[in-house]
Amino acid sequence: MTKRVHQPREDAEFDFILRMSEVPVLAYFIGTWPKAIEPCRTMDLVVGGLADEYAGRLTVVRADIARCPDATARYEVTGAPSCVLLEEGTAVAHGTGVLTDTEVRELLGARL
């Protein structure tokens, strides 16, 4: 996992990262139950590479659904993995399931 990806241990830390970010935030939510582990690992590779590429223009947060239940509910995350692009704490784009590099770039769109 790249060092450019924040991994909050709880909702309060997730919210702190959002407040401190001066750039859009890509929050991707992972699950630790057996059927979610492999898809989430695949997303780690995709999102980790993009975190390095977009350093300084994008904050990336890897949130465990079980550890950040309030954020999970707030952004209407219904499965893992899921990506949510946030601007000033407001969701502006969503993607659920294993997304390709190209699909995540499309989610980021012209906002970066």
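The values are calculated or read from the model by the stated rules, or taken from the named source; none is laboratory data. Small disclaimer: the values here were computed from a predicted structure and weren't measured. Here the Cβ positions follow ideal geometry from the backbone for every residue, glycine too, while neighbour counts run over all protein chains shown. Areas reflect the complete protein model, heavy atoms only, side chains present, ligands, DNA and RNA absent. Shrake-Rupley method; radii C 1.70, N 1.55, O 1.52, S 1.80 Å.
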Note to self: So in the stretch 74-91, with the set limited to residues that are touching a Leu at 6+ places or on another chain (Cβ under 9 Å) and touching a residue at least 60 places away in the same chain (Cβ under 8 Å), which one is farthest from Gly56 (Cα to Cα)?
What the structure shows: Gly89
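Regarding Ala55, is this residue open to solvent by less than 70 Å² (accessible area, probe 1.4 Å) and in contact (Cβ under 8 Å) with a residue 40 or more places away in the chain?
On the way: open to solvent by less than 70 Å² (accessible area, probe 1.4 Å): yes; in contact (Cβ under 8 Å) with a residue 40 or more places away in the chain: yes.
When the stated conditions are applied, Ala55 passes them.
If I ask for residues that are in a helix (DSSP H, G or I), hydroxyl-bearing (Ser, Thr, Tyr) and open to solvent by 20 Å² or more (accessible area, probe 1.4 Å), which ones from the stretch 63-104 would you list? Outline the logic, then answer.
Of the residues in the stretch 63-104, the ones in a helix (DSSP H, G or I) are 69-74, 101-104.
Checking the rest, the ones that are also hydroxyl-bearing (Ser, Thr, Tyr) come to 72, 102.
Listed by number, the list holds a single entry, Thr102.
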Margin query: Considering only residues that are of a type in the set (Gly, Ala, Ser) and not in a helix (DSSP H, G or I), which ones fall in the stretch 39-62?
Written below: Ala55, Gly56
Note to self: Of everything in the stretch 8-38, what is closer than 22 Å to Leu112 by Cα, open to solvent by 50 Å² or more (accessible area, probe 1.4 Å) and part of a loop (DSSP other than H, G, I, E, B)? Give them in sequence order.
What the structure shows: Glu22
Notebook entry, point to check: Looking at this structure, is Ala71 of a type in the set (A, V, I, L, M, F, W, C) and in contact (Cβ under 8 Å) with a residue 60 or more places away in the chain?
Noted result: yes
